[in-house]
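Just below is one structure, and these are the notes that go with it.
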Amino acid sequence: MNSFFGLEIARRALFTSQKAIDVTGHNIANADTKGYTLQRVVTAAVDPDLGGTRFLPPARALVGCGVTVQNIEQVRNAYLDRQYRKENALKGEWEVKSQGLENIEMFFDESSGSSVTAAISRFIASLNELSKVPDGKEQRTNLLQSGLILTETINHAYSTLKTLQDEHNRAIKDTVTQINSLVKSIASLNEQIERFEIRGDRANDLRDQRNLLLDDLSKLINITAYENSGGHLVIEVSNKTMLEHNTYDLLEAEQAAYNPVTGANDLYNVVWSSSGEPVDVATGTFKGHLDLRDGDPIDNFGIPYLIENLNKLARTLAEEINSIHSSGYTLPHESNGYTSVTGINFFAIPTDGSGNEVPVTAQNISINEEIINNIFNIAASSVEIDGSYGTGNNHIVLDLISLFERNDIPEVGGFNTFYRGILAELGVETNYAKNKYEGQSALVDNIDYNRMSVSAVSIDEELSNLVKYQHSYAAAARMITAIDEALDILINKTGLVGR
Amino acid sequence: MRVTNSMMMRNFLNNLYSNTHKIDKLQRQLSSYKKLNRFSDDPMGYFRSLELKSRLDKIQQYSRNINDATSWLQQTETAVMEMNEIMKVIYENVLNASADTQADVQKNIVANNLIQLKEQIFQIMNTTFGDKYIFGGYNTTKAPFVNTGSEILYNGINLISATSDELSDIMSQKLNYEVGKGSYINVSINGLQVLGAGEDNLFNILDELIVALQNDEPASTFSPYIEKIKARQDNILNVIAEVGGRINRLEFLYERYSLDELNYETIRSSIEDIDMAEVVTKLEMARSVYNAALAVGSNIIQPSLVNFLW
């Protein structure tokens, strides 16, 4: 056996301790780095050296060759990562939904005087005043004003919702850009990791970066990420491979999807750039924006559903009021040549560019020009006003008032109850989305908490490790001193007999 | 479980946020005096409060309509009461004229009295409420009764020669105010309801009487008129009773709505408004919890093994 073998063992121990101290330092330095995973030195005892002899040495008591650093590994739990990414997508979806719905809710604030309900109330009050003084100029002007406020309030509600829909549409395009850039970054990290690890090392810090990007990506869209048998990272979206090592398929947003609100194909449609096939988005912020933008049926609450209901309200309001109003007779006045005519609509019948009639919507509802230009064209009387006898006839106004008390109007039931119904649905949905988001958030936090418990740096632990490695180092150094002293005896003090 | 520094920080921050969130919500409630600031806070409660608000709006509108209708009808009542007084005077005058002992001169005085009274009736029947004529049916802008000298017109129609169609059209003219869901009150008392139509309308009776008095007709001529006048008088008493009845109904409704308004207001307040004492107490509690969390935070964050080694 080699005389200097003990020195070799001690040297390895020194190097290992040093490595461990370095890693501890790295851990402490990165205690606050986002996405940093705790690293540990993996050491192993080295097998006894057989000295290259062809035969077993005579002595059976073989000593091992000390310690060696096998690897620097990350303390990370892949199961928690998978769970985190799965739940994070749902968190993203509900975060977008709860925020989006809260935004809508804010615009529909009923406590303010500018709400649709307040405008309807005002309109009814003006009708009541007119019913008492059907030939009053102020009462007529007041009704016209209330009508204008009502139509403008409905128009405003529409444009607010439309703007929000546009925002979600843009957000979808932004999300596509974000997803693509994340996928590209991950692919280039994959290459770097491979180049690094080909030497047998672990690219821990690059892997941390990649995990962080995967976490970000998981919030945007539903992904499954795993390493295949070749050690290459694979990302799938709804069972379609999006990335494998350094090859990837990007998303594309093309303005081609049908918009139920405008009736045009002006929404972004998201497809795979390789095949042009639509992307199956199951969850994530992507899904949140999609649902809010497109959600039409009741189980998938979204902006088009609200607009559709608002349209229904505007359409029936205009139809019902017009059908009563147009059966009434106007008040003879100097401005209309002292004639009492019938058949005048209260709300304008909208037309398209080529003059064809189109249905009334929340966007285009407005007061008939004839009434805006001359308030005496408001028809309060149920019979023609002959001369100026009969100016007190208020039957049409009373019919209009009772219209707002009816609960059997086709499609809507009652105007007030219908609108309140929309608000209640919005409230329930917002409440649901908020609760869902809070629950999902707590779940993701909990998983992240568990992940931290495994992977995050504990300063106290690192410091106690530091003390441990320091002592190991000192002990290994002491080993060298001991062997040195032994050799000193052998070399300098042996064989001096008789000198 | 291995507890790391970042976990403690995360936990601490989470708790701090949830505390500040609670304080924010309570402060929002205090400053707005409302429990419900968003409808997602309590969708069903919000829905109910909206419903109550619209019901309150309606009740207030009905109350306003009732007030206006009552004023109109009170004006009518005053006018019809005056008519009643005049009828009494006419009745006495005609009774006098029908007595055999009356000399020609006195008949002339009675005739002159009647001419005066007729003029007075004319004015009463053209009474306005504000600038609206109350006895004209739909016609509220022009004086309903017009004396052309040769004939008296009501809304342009000669009362004696009026066809039954014209009359029934006039009688059907109602000025309805809505005073409840689908419930209306007619504020209009038609002039013809008071005066009668056809040969027996009050103006015609008076005209005939005046002519007869001026012609010094014998006393027996007047006795049928006594009956006619009596009939008109009864008619006017009926109208007074009807107006009184309508006013009573309005007063009854008004009381009921005042009570309803109070009740709905109470319910709405219990849904929407905060209990001041409760919210202030909760806020104080949340603040002290927040302070405690901050104090704990300083204990968590500061020390580590670093403070104790070497």
- When the charge dipole of the stretch A:147-198 is computed with +1 on Lys and Arg Cβ and -1 on Asp and Glu Cβ about the Cα centre, the Cα farthest towards its positive end, among A:Thr151, A:Ala187, A:Leu161, belongs to A:Thr151
- Task: Report Rg(Cα)/(2.2 N^0.38 Å) for the stretch A:182-239, keeping two decimals.
- Result: 1.12
- Message: At a threshold of 8 angstrom on Cα-Cα distance, excluding pairs fewer than six apart, so keeping six or more, what relative contact order does chain A reach in percent?
- Response: 22
- Query: For chain B, what does -39500 (n - 2.57) per DSSP helix run (n ≥ 4), summed and divided by total residues, give at 222 nm, in deg cm²/dmol to the nearest 500?
  - Reply: -24000 deg cm²/dmol
- Message: With +1 on the Cβ of every Lys and Arg and -1 on the Cβ of every Asp and Glu, and nothing else charged, how large is the dipole of chain B about its Cα centre, in debye rounded to the nearest 20?
- Response: 3000
- Query: So between A:Glu357 and A:Asn239, what do we pick up on full extension, going 0.36 nm a residue minus the alpha carbon distance?
  - Reply: 37.7 nm
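Helix-only estimate, please: 222 nm mean residue ellipticity of chain A, summing -39500 (n - 2.57) across DSSP H runs of length 4 or more and dividing by its residues, to the nearest 500.
Numbers: 11 runs with 272 residues, N = 499.
Using -39500 (n - 2.57) per qualifying helix, the result is -19500 deg cm²/dmol.
Relative contact order for the stretch B:50-266 using alpha-carbon pairs under 8 Å, separation at least 6, rounded to a whole percent?
Working: 249 pairs, mean separation 66.8, N = 217.
Relative contact order for the stretch B:50-266 comes out at 31 percent.
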- Task: Name the most mobile residue of B:Thr127, B:Thr76, B:Thr148, meaning the one with the largest mean-square fluctuation, in a Gaussian network model of chain B with Cα contacts below 10 Å.
- Result: B:Thr148
- Pairs A:Lys86/A:Lys173; A:Lys132/A:Lys312; A:Lys132/B:Lys35; A:Lys97/A:Lys312; A:Lys91/B:Lys22; A:Lys468/A:Lys493: which exceed 28 Å Cα-Cα? A:Lys132/A:Lys312; A:Lys132/B:Lys35; A:Lys468/A:Lys493
- Note on the structure: Counting sequence-distant residues (5 or more places) and residues on other chains, those with an amide H built under 5 Å from that of B:Lys132 are none
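Evaluate the Kirkwood expression for the hydrodynamic radius of the stretch A:71-189, namely the inverse of the mean inverse distance over all pairs of different C-alpha atoms, and round to one decimal in Å.
On the way: mean 1/r = 0.0519 Å⁻¹.
Roughly 19.3 Å, rounded to one decimal.
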- Item | Unit charges on C-beta of K, R, D, E only; dipole of the stretch A:323-463, Debye | 300
- Filtering chain B for DSSP H helices with an axial alpha carbon extent of at least 30 Å and a Kyte-Doolittle mean of at least 0.0 returns B:104-125, B:276-301
- Task: Find which of A:Tyr338, B:Ile152, A:Gly66 sits farthest along the positive direction of the dipole of the protein assembly as shown, computed with +1 on the beta-carbon of Lys and Arg, -1 on that of Asp and Glu, about the Cα centre.
- Result: A:Gly66
- If every Lys and Arg gets +1 and every Asp and Glu gets -1 at its Cβ, then about the Cα centre chain A yields a dipole, in debye to the nearest 20, of 2880
- Cα point-scatterer Debye curve for the protein assembly as shown, base-10 log of I(q)/I(0) at q = 0.06 Å⁻¹: -0.66
- Item | Summed buried accessible surface, chains B and A, 1.4 Å probe, nearest 100 Å² | 4700
- Note on the structure: With the dipole of the protein assembly as shown defined by +1 on each Lys or Arg Cβ and -1 on each Asp or Glu Cβ, the option from A:Trp94, B:Tyr46, A:Ile321 whose Cα lies farthest towards the positive pole is A:Trp94
- Note on the structure: Its Cα gyration tensor gives the stretch A:366-408 an equivalent ellipsoid whose semi-axes in whole Å, largest first, are 21, 17, 6
- Percent of alpha-carbon pairs separated by more than 31 Å within the stretch B:50-266: 33
- Provide a whole-number value for the mean count of partner chain Cβ atoms within 10 Å of the Cβ atoms in peptide B:40-46. 6
- On average, how many beta carbons from a partner chain sit within 10 Å of the beta carbon of a residue in B:141-152? 1
- Is any helix in chain A, taking whole DSSP H runs, at least 18 angstrom long along its axis by alpha carbon and on average at least -0.5 on the Kyte-Doolittle scale, and which ones? A:5-29, A:116-132, A:303-325, A:415-455, A:459-492
- Task: Return the whole-Å distance between the Cα centroid of the stretch B:159-184 and the Cα centroid of the stretch A:346-404.
- Result: 24
- Which residues qualify? For B:Gly180, with a placed amide H closer than 5 Å and at least 5 residues away or on another chain, they are none
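The values are calculated or read from the model by the stated rules, or taken from the named source; none is laboratory data. Remember, predicted model here, so these are calculated numbers, not experimental data. Note: ideal-geometry Cβ built from the backbone for every residue, glycine included; neighbour counts use all protein chains shown. Note: accessible area is taken over every heavy atom of the protein model, side chains too, but ligands, DNA and RNA are not part of it. Shrake-Rupley method; radii C 1.70, N 1.55, O 1.52, S 1.80 Å.
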